[in-house]
Amino acid sequence: MRVGGGQISRKNWTLSGAPVSCGEESKKSAINKAPHLASFIVNNSDSVKSAESLIDKASKEFAKEKVKVHKKFNKLLEEKRIDNEEFDKAVNEISLMAAAELGEYILYRETIIKALETSIEDYNKKEEFIHNIFMPMKTQSFNDDIDKQYLSNLWLLDDKFMTYSYVASDKSIKQIAEALKVSKAEKTNILNRPDTTILFNRKNEEHHRDAIVIEFKGANASKDEKNKSITELPNDIRFLRNNVDNINSIWGYIITNIDEDFDFTLMNSDFKPLFTADGQNKSYYKYYANINSHIYVIDIKSIVIDALARNKTFLDILKKE
C-alpha cells in the first residue's frame, strides 16, 4: 500500500514474530485502534511516541494528504491531454484515500454499535437512548438532503435501509403526510407518532412507495411497556396507510430486548420464532392480514451481533492490507 509516498507492506506493520520495542508496541496498538491510518503510523519517525500521539499525528497527515490527492486528481481531469501513466498513478492514490476514508467510517460504525450494546447492560438507558442512536428524534430527511445523509444509523438494522426516499423519526402521521405533500381524505389518527417511518419509492414508480415502520422499546422496559408495542405498531401502520397516498407493502419492526416475559407474550400472540444459527439471538414474525403487513420482533442483542459481524469483515481487511 502506498499513501503519501511511502511503500507499506503487510509485514511492515503487523509486527508479529520477533520481540518488538516499545515504539513498535505503540505502533501496533495505534494500528489496532485506527487501522485506516496504518501507513502514516508506520512511517512515523518520532523518537518518543504513544499510541495516542501516533494516531493524532497520523490523522493530521491523513487530512492534509486527502486535500493534496483530491486537488491533484481534479487538476489532472481538467487537462485536455492526460498522460496514461500519470492518470493511473492518480487513480491509485485517490482509491487509497477512498479506502482509508471508508475505514474511518467503519470505525465510526463500530463506536455506534458499542453504544447500542450499552443499552442492554445499562438500566439507565431508556427507549429514547436507543431511538436516538438509530435516528435523532423529531427529525426527518429526504434522500437528496446531502447534509442529513449520515444523520441516521439505520444500517444497524440493515444497510439497504440507507437508500430511503424519505425517513421520519418521531414525526406525526400528519407531519409525514405534509412533508410528502400527499394525504388521503380520511385524516384519522393523524397525530399518532410512529417511532421511525422509512419510505422507499418503487423502481420507476415515483409515487408508489413501500414503507418500514419501527417501534422501539427500552431493553429494560417493563413487561407492560413491551407488551404495548404489539398493539401500538399495527395501529401506526393502519393510520399511515389510511392517511398517506400510494403506500404499497409495509413491514413493521419492534426492537427491544426479548426477555422471558416478552417471549411468552409473543408466543401467546401467535408470533412465530425465526431460528438462528446459534439458537440464542431471538426474533419473531407475524403476518397481519387486516393491515396487510409483515411484523418482525428483533432482539437488540441480535442487531448488535449482526452489525459487529458485518463490520468485522471490513476491519479485518483494513488490518491486513
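Pairs needed: first member in segment 231-256, within 14 Å of residue 198 (Cα to Cα); second member anywhere, of a type in the set (Phe, Trp, Tyr) and open to solvent by 10 Å² or more (accessible area, probe 1.4 Å); C-beta distance under 6 Å; at least 6 residues apart or different chains.
Matching pairs, first to second residue: 253/296.
Of everything in segment 173-188, what is in contact with a helix residue (DSSP H, G or I) (Cβ under 9 Å, 6 or more places away or on another chain) and either at pLDDT 85 or above or within 16 Å of residue 213 (Cα to Cα) (or both)? Give them in sequence order.
Within segment 173-188, 173, 174, 176, 177 qualify.
All but one of (1) of a type in the set (S, T, N, Q); (2) farther than 23 Å from residue 311 by Cβ; (3) open to solvent by 70 Å² or more (accessible area, probe 1.4 Å) hold for residue 32; state the number of the condition that does not hold.
Single failed check for residue 32: (2).
Considering only segment 109-166, state which residues are touching a Leu at 6+ places or on another chain (Cβ under 7 Å) and among the aromatic types (Phe, Trp, Tyr).
Across segment 109-166, the qualifying residues are 134, 161, 164, 166.
Filter segment 134-164 for residues that are of a type outside the set (Phe, Trp, Tyr) and either open to solvent by less than 20 Å² (accessible area, probe 1.4 Å) or touching an Asp or Glu at 6+ places or on another chain (Cβ under 7 Å) (or both) and give the result.
135, 137, 138, 141, 152, 153, 154, 156
Between a residue in segment 153-171 that is more than 18 Å from residue 106 (Cα to Cα) and in contact (Cβ under 8 Å) with a residue 24 or more places away in the chain and any residue that is open to solvent by 10 Å² or more (accessible area, probe 1.4 Å) and among the hydroxyl-bearing types (Ser, Thr, Tyr), which pairs come within a Cβ distance under 7 Å, given they are 6 or more apart or on different chains?
Qualifying pairs under 7 Å: 169/139.
So is residue 84 open to solvent by 70 Å² or more (accessible area, probe 1.4 Å) and at pLDDT 75 or above or not?
Values: open to solvent by 70 Å² or more (accessible area, probe 1.4 Å): yes; at pLDDT 75 or above: no.
No: the conditions fail for residue 84.
Can you tell me which residue is modelled with the lowest pLDDT among those in segment 98-148 that are over 13 Å from the mean Cα position of the chain (by Cα) and of a type in the set (Ser, Thr, Tyr)?
The residue in question is 123.
Please verify whether segment 189-203 includes one or more residues that are in a strand (DSSP E or B), at pLDDT below 85, closer than 18 Å to residue 250 by Cα and not hydrophobic (A, V, I, L, M, F, W, C).
Looking for residues that are in a strand (DSSP E or B), at pLDDT below 85, closer than 18 Å to residue 250 by Cα and not hydrophobic (A, V, I, L, M, F, W, C), one finds at least one in segment 189-203, hence yes.
Can you find a residue that is touching a strand residue (DSSP E or B) at 6+ places or on another chain (Cβ under 9 Å) and of a type in the set (Phe, Trp, Tyr) anywhere in segment 255-272?
Yes, that holds for at least one residue.
Quick one: in segment 256-268, of everything that is out of contact with any Phe, Trp or Tyr (no Cβ under 9 Å at 6 or more places or on another chain) and open to solvent by 30 Å² or more (accessible area, probe 1.4 Å), which residue is farthest from residue 173 (Cα to Cα)?
Ranking the candidates gives 260 first.
Which of the following residues is open to solvent by 30 Å² or more (accessible area, probe 1.4 Å), acidic (Asp, Glu) and without any contact (Cβ under 8 Å) to a residue 12 or more places away in the chain: 121, 104, 110? Quick ask: steps written out before the conclusion?
On the way: 104 fails: without any contact (Cβ under 8 Å) to a residue 12 or more places away in the chain; 110 fails: without any contact (Cβ under 8 Å) to a residue 12 or more places away in the chain.
Checking each option against the conditions leaves just 121.
For segment 83-101, enumerate the residues that are more than 30 Å from residue 302 (Cα to Cα), of a type in the set (A, V, I, L, M) and in contact (Cβ under 8 Å) with a residue 60 or more places away in the chain.
96, 97
Need a quick list: helices (runs of 4 or more DSSP H) entirely within segment 44-159 having at least 1 residues that are closer than 30 Å to residue 200 by Cα.
The helices (runs of 4 or more DSSP H) meeting that bar are 84-121, 127-134.
Counting just the residues of segment 218-255 that are surrounded by fewer than 21 Cβ atoms within 10 Å (Cβ to Cβ), hydrophobic (A, V, I, L, M, F, W, C) and closer than 16 Å to residue 287 by Cα, which one comes out nearest to the chain's Cα centre (by Cα)?
Ranking the candidates gives 251 first.
If you check residue 256 against the conditions, is it within 20 Å of residue 303 (Cβ to Cβ) and at pLDDT below 90?
In short, no.
The values are calculated or read from the model by the stated rules, or taken from the named source; none is laboratory data. A quick note: this is a predicted structure, and the numbers were derived from the prediction, not measured. For neighbour counting, all protein chains shown are included, and Cβ atoms are generated from backbone atoms with ideal geometry for every residue, glycine included. Quick note on the areas: whole protein, heavy atoms, side chains included, nothing else; ligands and nucleic acids left out. Shrake-Rupley method; radii C 1.70, N 1.55, O 1.52, S 1.80 Å.
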